[in-house]
1. Restricting attention to segment 225-236, report how many residues are part of a loop (DSSP other than H, G, I, E, B) and either among the β-branched types (Val, Ile, Thr) or open to solvent by 10 Å² or more (accessible area, probe 1.4 Å) (or both).
2. Return yes when residue 347 is under 24 Å from the mean Cα position of the chain (by Cα), open to solvent by 90 Å² or more (accessible area, probe 1.4 Å) and of a type outside the set (Phe, Trp, Tyr) and no when it is not.
3. Restricted to segment 138-158, and to residues that are open to solvent by 30 Å² or more (accessible area, probe 1.4 Å) and in a loop (DSSP other than H, G, I, E, B), which residue is farthest from residue 19 (Cα to Cα)?
4. In this structure, is residue 123 touching an Asp or Glu at 6+ places or on another chain (Cβ under 9 Å), more than 15 Å from residue 7 (Cβ to Cβ) and either surrounded by 15 or more Cβ atoms within 10 Å (Cβ to Cβ) or modelled with pLDDT of 95 or more (or both)?
5. Which of the following residues is in a loop (DSSP other than H, G, I, E, B) and surrounded by 21 or more Cβ atoms within 10 Å (Cβ to Cβ): 218, 209?
6. Step by step: first the residues of segment 68-81, then only those that are open to solvent by less than 60 Å² (accessible area, probe 1.4 Å) and modelled with pLDDT of 80 or more, then the one that is nearest to residue 191 (Cα to Cα). Which residue is that?
7. Can you tell me which residue within segment 127-160, out of those that are of a type outside the set (A, V, I, L, M, F, W, C) and more than 22 Å from residue 206 (Cα to Cα), is nearest to the chain's Cα centre (by Cα)?
8. If you take the residues of segment 257-299 that are among the basic types (Lys, Arg) and within 20 Å of residue 214 (Cα to Cα), which of them is modelled with the highest pLDDT?
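The values are calculated or read from the model by the stated rules, or taken from the named source; none is laboratory data. Keep in mind that what you see is a predicted model, and the values were worked out from it rather than measured. Please note: Cβ atoms are built from the backbone with ideal geometry, for glycine as well, and neighbour counts cover all protein chains shown. Note: accessible area is taken over every heavy atom of the protein model, side chains too, but ligands, DNA and RNA are not part of it. Shrake-Rupley method; radii C 1.70, N 1.55, O 1.52, S 1.80 Å.
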Amino acid sequence: MNAFLAGADSLKLTRLARRDPGLRLVTCEDGLCRPAAEPIDPAALREALPQELSGFTVARPLSLASFSRDTRSQSSLVDPRAFLARLPEGSFLEVVRESGVPFGPARDPVRLLVESPGISLVGFARKLQQLVKSEAISEDAAFARLLSLAMEACGLYARDPRAPLTGECSYDIESVTSADDLRAYLSELSRLQGLRLAREVARYAKDGSGSPGETVLSLAMRLPPRRGGIPLPDFVENVPIEWPEDARDIVKHQTMRPDFHWPRHHVASEYNGGFHGQSSAYVEDSFRVQDYAACNIAMVPATYDDIRNAASLERFVRLVAKKLAPHEDAGFPRRVAESIADPQAREKRVVLLGQLLPPDPRYSE
């Protein structure tokens, strides 16, 4: 039996697979791109699914994809999502065990498949547009939420599938897709509700974000003012730096991987999302700053306090811009100041933070 999870349940299983070292996401084989015309057995599916997804009920049915009216499940335990148009290759990924052991009962194994980031993004765009239409959320809030999903898929972290907004993330894990591949996939789609918004969001997706806090900073320093950003020169995220030969005898690390790096400007920034007051962490942070200084790279560290509200975020971006300014044209500081002072951009920035700011137990708001 082939079970194609859809919507929120697909995203939950994707996050579980990314976080669990015993699971992997692999490209869907050609023969699995469409489910067989066979009924879904809820009991076998319940046995195959991880505990976090196996508790589906009539009140909380499991979202499954169908590709024709004939294969659409009639079970009250299933919330069917129909894909009647032909989808491009790469629309689904299979979840497999690292050990090779199949899911479900031995007599009738179950193959678990999830939506690829592209088709998932379109589906969530459609749902968010419905919320905007009903005035439940603003268009800016919908854009921010959808962009957060794109950045997570292209990033090196996965949110907690049980509590995405408040739970602990998993870090330093493989991305599901790249920003270029996401945009390329969306360009192959047509005639799907939510596609226009998904394509606009994908324009701002970027590879390599290491955490929700880094995503906030990345977007703040890249998005246009009409989306709440204070755009700075282009940078790379979490790309290793190899030290120059004349510094290798004095640095503590062989390589470094700054969260944000402007190679042409010799500027880097790192977001320290945890608590760095312990002595070991303090020493490590000190060594990192020294290593950057040994290679003439100005390091601008950031913490949660630098992103916790619009004023703090604007101050931090001004500080980074000051370090970048010597390598930019004379009008660069003025453009940054105008983006910060723009009242409409400020309103968008507040919405962006309201949707994306990760929780911190030190603050109650």
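1. Initially, segment 225-236 is screened for residues part of a loop (DSSP other than H, G, I, E, B), giving 228-235.
From what is left, the residues that are either among the β-branched types (Val, Ile, Thr) or open to solvent by 10 Å² or more (accessible area, probe 1.4 Å) (or both) are 230-234.
Looking only at that region, the number is 5.
2. Against the criterion (under 24 Å from the mean Cα position of the chain (by Cα), open to solvent by 90 Å² or more (accessible area, probe 1.4 Å) and of a type outside the set (Phe, Trp, Tyr)), residue 347 qualifies.
3. It comes out as 138.
4. Values: touching an Asp or Glu at 6+ places or on another chain (Cβ under 9 Å): yes; more than 15 Å from residue 7 (Cβ to Cβ): no; either surrounded by 15 or more Cβ atoms within 10 Å (Cβ to Cβ) or modelled with pLDDT of 95 or more (or both): yes.
Here the answer is no, as residue 123 does not meet what is asked.
5. That would be 209, the only listed residue that is in a loop (DSSP other than H, G, I, E, B) and surrounded by 21 or more Cβ atoms within 10 Å (Cβ to Cβ).
6. Among them, the one singled out is 81.
7. Taking the candidates together, the pick is 127.
8. The initial filter retains those residues of segment 257-299 that are among the basic types (Lys, Arg), namely 257, 264, 288.
If we keep only those that are within 20 Å of residue 214 (Cα to Cα) too, we end up with 257, 288.
Details: 257: 90, 288: 82.
By that ranking, first place goes to 257.
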